[in-house]
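Since the structure comes first, as structure tokens, the remarks are kept for the end.
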Amino acid sequence: MTTEKLYEKDGTLYDFDATVLACAKTENGYAVTLDRTAFFPGGGGQACDVGRLGGVPVTGASLSEGDVLHHTAAPLAVGATVRGEVDRSVRFPRMQCHTAEHIVSGLVHARYGFDNVGFHLGDREVTMDFNGELTEEQLDGIEEQANEVVFRDVPVTVSFPTPAELPTLSYRSKLDLTENVRLVSVEGVDVCACCAPHVAKTGEIGLVRLLGFIRYKGGVRVRLVAGIRALTDYRARCRAAREVSELLSVPQEKIVDGVTGALAASDALAQSNAAFRRRLSELIAGDLTPTDGNRAYFLFDTDADPDVARRVVNLALPATGGIVAVCYGKDPTRYILASSSVDLRAALPGINAALGGRGGGKPGMAEGTFSSDRDAIERFFRETDLR
Ligand SMILES: [Zn+2]
């Protein structure tokens, strides 16, 4: 038995009647073979269809020795006539993108002589690789031409040339195959060997948008969206532009100026902030007084951050010669200890044990956290001789 493949001749056929020829139990359900089907089993870069068969969900389809296997959750009676329904909401956006890809590839080939050497039809966008470099201006031109092909609403047709005819024909994706070659033609624009279903007329594609490109393996990788996916993409970009415009309180057509201005203001703020922090660190370090008995220079400042704390430690250390302990933050309290006279790696286990601390470091510098409360930490550094 060989399934009659309705999708090969008509990509716009979604509903059909067929007879169940076989139904085999598989690992995850059942594999149903029909005498005819509109379910595309996947190929040519386009994923397989899903839908329903006799009311039972079809989760996928695949090709096996010329037959299309329909993967279903429940068995179907052999000999029964069933209604097949291909899920158009899944198939149609794929066809819009796929036919758009043929048009763009055909135009690039005709105008610049480059081949499409890689094609991926993803859930959101298409990528295609050309074996030659194209500029943004050239791709803008291709995009305009592609949309012109859509506006002209030209037919997309399928043909099965005989082995004798093949050598006389000019088409893309020419392989060594001589049998069962299926050609998809976009009238006046492109002829390409392809096994997937396509739209019947280019007007069905809707907008063709080239989102961008990168240099790739000596050529370019181009990103494309078309049809419903172009609408989804456009809607998301409009929403983003509107939100940015509202956040910056600038008109949408001025958002680039708005973001440029906001970034410049943020840079200036960062610079003045850095200057303030340097000055703040100097002031704190200058004010640092030795704890009782000159055991350690100690500072507790819950508002300080790691940057200020580190600066204070580095500024204070040469003046003290002893230990500088800076505690900052809360829950947990963070610490930085530094010393030029005491081996902190040796002293740290005792300090951590006394104050519920965790952390480590080098002989001259250690960092970590204390779980003891502020009073206990202060008392410890006031009363403990760490030298
Ligand atoms: Zn194709």
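No lab work stands behind these numbers, since they all come straight from the coordinates. For clarity, every value in this text was computed on a predicted model and none was experimentally measured. All Cβ positions, even for glycine, are placed from backbone atoms using ideal geometry, and neighbour counts span all protein chains on display.
Only helical runs count toward this figure. For the chain, summing -39,500 (n - 2.57) over DSSP H runs of n ≥ 4 and dividing by all residues gives -12000 deg cm²/dmol at 222 nm. Of the cross-linked pairs Lys5/Lys217; Lys5/Lys201; Lys217/Lys254, which ones have a Cα-Cα span greater than 29 Å in the structure shown? Listed pairs above 29 Å: Lys5/Lys217; Lys217/Lys254. Determine, at each q value in 0.17 (inverse angstroms), the log₁₀ of I(q)/I(0) that the Debye formula gives when each Cα of segment 231-325 is one equal point scatterer. Per q value, in the given order, log10 I(q)/I(0) is -0.77.
Taking 0.36 nm per residue of sequence separation and removing the Cα-Cα distance, the Leu283/Lys254 pair yields an extension gain of 6.1 nm.
Using a simple spin-label model with pseudo-atoms 7 Å out from Cα toward Cβ, Val158 and Arg36 lie 1.3 nm apart. Going by how many other beta carbons lie within 10 Å of each one, how would you line up Cys327, Cys238, fewest first? Fewest to most other Cβ atoms nearby, the residues stand as Cys238, Cys327. Using just the C-alpha positions of segment 92-235 as equal point scatterers, what log10 of I(q)/I(0) does the Debye formula give at each q in 0.09 1/Å? Values, matching the q order: -0.25. Across the chain, the longest piece that holds none of the GluC sites (Glu not before Pro) lying in DSSP loops with up to 10 other C-beta atoms within 10 Å covers 180-387. Residues whose amide H comes within less than 5 Å of that of Phe40, counting only those at least five positions distant or on another chain, are Asp49 (H built at 1.01 Å from N in the peptide plane). Our analysis of the chain gives Rg over Rh at 1.29, with the two radii drawn from alpha carbon positions and Rh computed by the Kirkwood formula. Only helices reaching 27 angstrom along their own axis (Cα) with mean Kyte-Doolittle hydropathy no lower than 0.0 count here, and for the DSSP H runs of the chain these are 255-287. With only Cα atoms counted, segment 7-106 has Rg and Dmax values of 13.8, 45 Å. The mean sequence distance of close C-alpha pairs (under 8 Å, at least 6 residues apart), as a share of the length of segment 68-156, puts its relative contact order at 21 percent.
Our summary gives the chain a relative contact order of 11 percent, counting only alpha carbon pairs under 8 angstrom and 6 or more residues apart. For segment 288-383, the spread of Cα positions along the three principal axes, ordered from largest to smallest, is 30, 27, 25 Å. What residues of segment 130-150 lie in the reach of a label at Tyr112, counting those whose backbone N is under 19 Å from a point 7 Å from the Cα along Cα→Cβ? In segment 130-150, the label zone of Tyr112 (backbone N under 19 Å from the point 7 Å along Cα→Cβ) covers 130-149.
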